[in-house]
Amino acid sequence: MKRVNLLLIVLLVAGTALFSSCSKEAKIEKNLWNNGGEWNVESLVSSQTSTNPADNFNETIFNYGTYTFKKDGSGIYTITVDGDFETGTFTYSNTEDKLTLIINNQARVFDILEWEKDKMKISITENYTSGGESITYKETLDLKKK
């Protein structure tokens, strides 16, 4: 009887954990597009480390632009840097700890570092080789809902 009770408790805890993780994923997804879905990029911190030190950099850009998420999984972005303006569309999906943006048929999978109802911090690290150099590029975006 003790084994049956222990098994039931384990199944209850596992079921609760599974349910709550799905719930967080759904909450994030709904919060992305809710109330107009517009998020201001308060800051973008980018850095690059390369085997060629001359290509290394670290910079912060404030008020980088906006991402507007729609309920149907699509969205619009605007970016403004040093007077240059760019706009485009994207599709998106999320889990409880990842946000995937597909822009120009390229998927960028961001880690959700922090998430609250009106604030989110996401980050992506990309490793690649260019011209014989090994490069690591990282972006961290602080977003705030408008």
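The values are calculated or read from the model by the stated rules, or taken from the named source; none is laboratory data. These numbers come from a predicted model, not from an experiment. Heads up, the Cβs are rebuilt from the backbone with ideal geometry, glycines too, and the neighbour counts pull from every protein chain shown. These accessible areas exclude ligands, DNA and RNA; they are computed on the full protein's heavy atoms, side chains included. Shrake-Rupley method; radii C 1.70, N 1.55, O 1.52, S 1.80 Å.
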Could you grab me the full set of residues in the stretch 28-82 that are touching an Asp or Glu at 6+ places or on another chain (Cβ under 8 Å) and among the charged types (D, E, K, R)? Glu42, Asp55
Whether any residue in the stretch 110-123 is of a type in the set (Asp, Glu), open to solvent by less than 70 Å² (accessible area, probe 1.4 Å) and in contact with a Phe, Trp or Tyr (Cβ under 6 Å, 6 or more places away or on another chain) is what I want to check. no
In the stretch 40-95, what count of residues is obtained for those that are open to solvent by 30 Å² or more (accessible area, probe 1.4 Å), aromatic (Phe, Trp, Tyr) and touching a residue at least 60 places away in the same chain (Cβ under 8 Å)? 1
Tell me which of these Lys71 doesn't satisfy, since it passes every other one: (1) more than 21 Å from Ser23 (Cα to Cα); (2) out of contact with any strand residue (DSSP E or B) (no Cβ under 9 Å at 6 or more places or on another chain). (1)
Given (1) more than 12 Å from the chain's Cα centre (by Cα); (2) over 22 Å from Ser47 (Cα atoms), Asn94 misses just (1)
